[in-house]
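The values are calculated or read from the model by the stated rules, or taken from the named source; none is laboratory data. No experiment lies behind these values; they were computed from the predicted model shown. Every residue, glycine as well, gets a Cβ built from its backbone with ideal geometry; the counts of neighbours run over all protein chains shown.
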Amino acid sequence: MRASLSLLLLTLYVSGGLATSKLGKAIDAALEGINTSLNKYRLLAIREKIHAMKNEIVAEITLSPEQQAVLEENMQSVTPIHKDHVNPEGDSINEINGRSEISELLYQGDIVLTDDQVEEVVEEVEGKSRGKRQAYRDRTYPNSLWSKGVTFSFGNASSKVQSVFKKGAMEWQRDTCINFYEGNAPERVEVIVEDGCWSYVGNLHKKQPLSLGRGCESIGTAAHEIGHALGLFHTHSRHDRDSFIQLNTQNIKPDWLDQFHKETPSTNENYGITYDYGSIMHYGASSATFNGKPSMVPFDTKYTETLGSPFVSFYELLMLNTHYDCLGGFMKLGYEAEDCMHSNTETDSDKCKGQANRCKMGGFPHPRDCSRCICPSGYGGQYCDQRPSGCGKVVSATPKYEILRDIVGDRSAGTTEREDFVKCNYWITAPAGKQIDVRIVSFSKGVAVDGCSYAGVEIKTHKDQRLTGYRFCAPEDAGITLRSSSNVVPVITYN
């Protein structure tokens, strides 16, 4: 499959600055058809326990008249898109799990809760909780961390599942201090193939299953579920989510309303890191919809297609590095100096001192090698001040529109999906003090799904370049124009 894109580039010579009661019966009737080694009746009891608080949760997520008016106004600026169906099993975790009914048994569609975690959710709704999470910092933290790395094994996993899991694990290992090891230690993640894509959250200190069932065989899906196992909950359940998205409850399946419970400031630890629409732990805009219309609407509506990303975001890497204390002291978590892959034995807090200032564009020192930086998407080099290597180029914008055409993918592959993405990085540049207009002229058909998870273009025009840029993947996006905050615009195409 290949995707084509055309952009218009213009330098602007302006100054810068700028179910209710019947739910249990419905699920119970479907239990026998669900293929899972989990205790289905325990899951049902948990689901009904949370569902029993539906009135409180619905009251929490119901918009005021003023908020509803803002939502209706924002919906006017959401580009109507005809969604494609690429994967017969579903194009998102929510769709895949919905087809097998397993999502009805899980928390927020793909999470298996322990009994203690269930009690924390109940206390949270009742306003009594004392724990903290998005990075899951519960009452037992740091015991919930994989302080000596993550051991994993494969149960009935196919070679395809084994491959995407290993690559999904590498998405986290590559830019954190967390190592993954294949083995049969008593404390490990066992990758299995059952109905749906799901995981526990955090380290249970015993063998814990993680399922990548039919339809879940992608690196992005594996990385999402591994994110849960490492201790991450969903981005759209953050306590501050209402400052970034609105729930359109009119489009949400009635029996799913209680699944959109959000956390509170007393239970949600985000380490001061802002909300990122491009988080791999964020569900897509139409998750749990019954009519195909958005269930979640970003206040910045140009981000609608970005929700449901297949890529780990820069801010998620920063959050997990912070959560695991990768940037300032592995030793107290049980790491050995050689685990850090450094050439000397200084502690990380000493080693990285003064290194952060060398990282440009908001990058931060790499926990495995403080002499280089982890960079936001669209930036590369040792200090994040270069265009990433590989395909793409630097293009100069001019006072008149110029056209950039890009085709990413294998012409001969047809609709055959590869495991790995091909990415090309462009930099659109203008003289200092100028801004750039980027307009989408056209985009090929066939890959318009939540999160642009098969192919798309990311355009970074924000002042904060650490944020994921706007992503687009539909023909209906033609005509969208973005104006930069600086004289450099990274444009990332992928397939």
Qualifying position, being within 20 Å of the chain's Cα centre (by Cα), more than 19 Å from Ile93 (Cβ to Cβ), outside any loop (DSSP other than H, G, I, E, B) and not charged (D, E, K, R), among Gln259, Gln246 | Gln246
Index of the failed condition, Asn268 passing every other in (1) closer than 20 Å to Ser92 by Cβ; (2) part of a loop (DSSP other than H, G, I, E, B) = (1)
Test: Thr306 is at negative phi, buried (at least 22 other Cβ atoms within 10 Å of the Cβ), among the polar types (S, T, N, Q) and in contact with a strand residue (DSSP E or B) (Cβ under 8 Å, 6 or more places away or on another chain) | yes
Would you check if Ser92 is within 21 Å of Thr36 (Cβ to Cβ), modelled with pLDDT of 95 or more and over 24 Å from the mean Cα position of the chain (by Cα)?
-> no
Among the residues of segment 88-119, the number that are part of a helix (DSSP H, G or I), charged (D, E, K, R) and surrounded by fewer than 19 Cβ atoms within 10 Å (Cβ to Cβ) is 4
Please indicate, with yes or no, whether at least one residue in segment 294-311 is among the hydroxyl-bearing types (Ser, Thr, Tyr), in contact with a Pro (Cβ under 6 Å, 6 or more places away or on another chain) and closer than 30 Å to Lys160 by Cα.
-> no
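On the basis of being buried (at least 22 other Cβ atoms within 10 Å of the Cβ) and not in a helix (DSSP H, G or I), does Tyr277 make the cut? Step through it out loud before you land on a result.
Details: buried (at least 22 other Cβ atoms within 10 Å of the Cβ): yes; not in a helix (DSSP H, G or I): yes.
For Tyr277, the condition - buried (at least 22 other Cβ atoms within 10 Å of the Cβ) and not in a helix (DSSP H, G or I) - is met.
How many residues are within 24 Å of Arg99 (Cβ to Cβ) and surrounded by fewer than 22 Cβ atoms within 10 Å (Cβ to Cβ) if we restrict to segment 168-193? Talk me through it step by step, then tell me what you get.
As a first pass, look at segment 168-193 and keep what is within 24 Å of Arg99 (Cβ to Cβ): 168, 190-193.
Next, from what is left, pick out any that are surrounded by fewer than 22 Cβ atoms within 10 Å (Cβ to Cβ): 190, 192-193.
Of the residues in that region, 3 qualify.
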Which residue, of Arg439, Arg471, is assigned to a strand (DSSP E or B), basic (Lys, Arg) and surrounded by fewer than 23 Cβ atoms within 10 Å (Cβ to Cβ)?
-> Arg439
Selection within segment 52-74 - among the hydrophobic types (A, V, I, L, M, F, W, C) and touching a helix residue (DSSP H, G or I) at 6+ places or on another chain (Cβ under 8 Å) = Met53, Ile57, Val58, Ile61, Leu63
Which of the residues spanning segment 66-86 are among the polar types (S, T, N, Q), part of a helix (DSSP H, G or I) and either surrounded by 15 or more Cβ atoms within 10 Å (Cβ to Cβ) or not assigned by TED's automatic domain parsing to the domain that holds Phe290 (or both)?
-> Gln68, Asn74
Can you name every residue in segment 276-305 that is of a type in the set (Ser, Thr, Tyr) and either out of contact with any helix residue (DSSP H, G or I) (no Cβ under 7 Å at 6 or more places or on another chain) or at pLDDT below 95 (or both)?
-> Tyr303, Thr304
Got at least one residue in segment 290-305 being touching a Lys or Arg at 6+ places or on another chain (Cβ under 7 Å), in a loop (DSSP other than H, G, I, E, B) and under 17 Å from Val78 (Cβ atoms)?
-> yes
Spot the failing condition for Pro209; the list is (1) within 21 Å of Val118 (Cα to Cα); (2) modelled with pLDDT under 95; (3) surrounded by fewer than 23 Cβ atoms within 10 Å (Cβ to Cβ), and only one is missed.
-> (2)
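Confirm whether Ile226 is out of contact with any Cys (no Cβ under 6 Å at 6 or more places or on another chain), assigned to a loop (DSSP other than H, G, I, E, B) and in the same structural domain as Glu101 (by TED's automatic domain parsing). Steps first, please.
On the way: out of contact with any Cys (no Cβ under 6 Å at 6 or more places or on another chain): yes; assigned to a loop (DSSP other than H, G, I, E, B): no; in the same structural domain as Glu101 (by TED's automatic domain parsing): yes.
No.
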Matching residues in segment 120-135 - criterion: being buried (at least 16 other Cβ atoms within 10 Å of the Cβ), at pLDDT 80 or above and charged (D, E, K, R) | Glu120, Glu124
Residue pairs within 9 Å by beta carbon, gap of at least six or interchain, first lying in segment 87-107 and assigned by TED's automatic domain parsing to the domain that holds Ala52 and under 10 Å from Trp198 (Cα atoms), second assigned to a helix (DSSP H, G or I) and hydroxyl-bearing (Ser, Thr, Tyr), listed first then second, are Ile93/Ser103; Ile93/Thr221; Asn97/Ser103
Check Thr221 against each of (1) buried (at least 23 other Cβ atoms within 10 Å of the Cβ); (2) not in a helix (DSSP H, G or I) and name the one condition it does not meet.
-> (2)
In segment 346-383, residue modelled with the lowest pLDDT [restricted to those that are over 22 Å from the mean Cα position of the chain (by Cα) and among the hydroxyl-bearing types (Ser, Thr, Tyr)] | Thr347
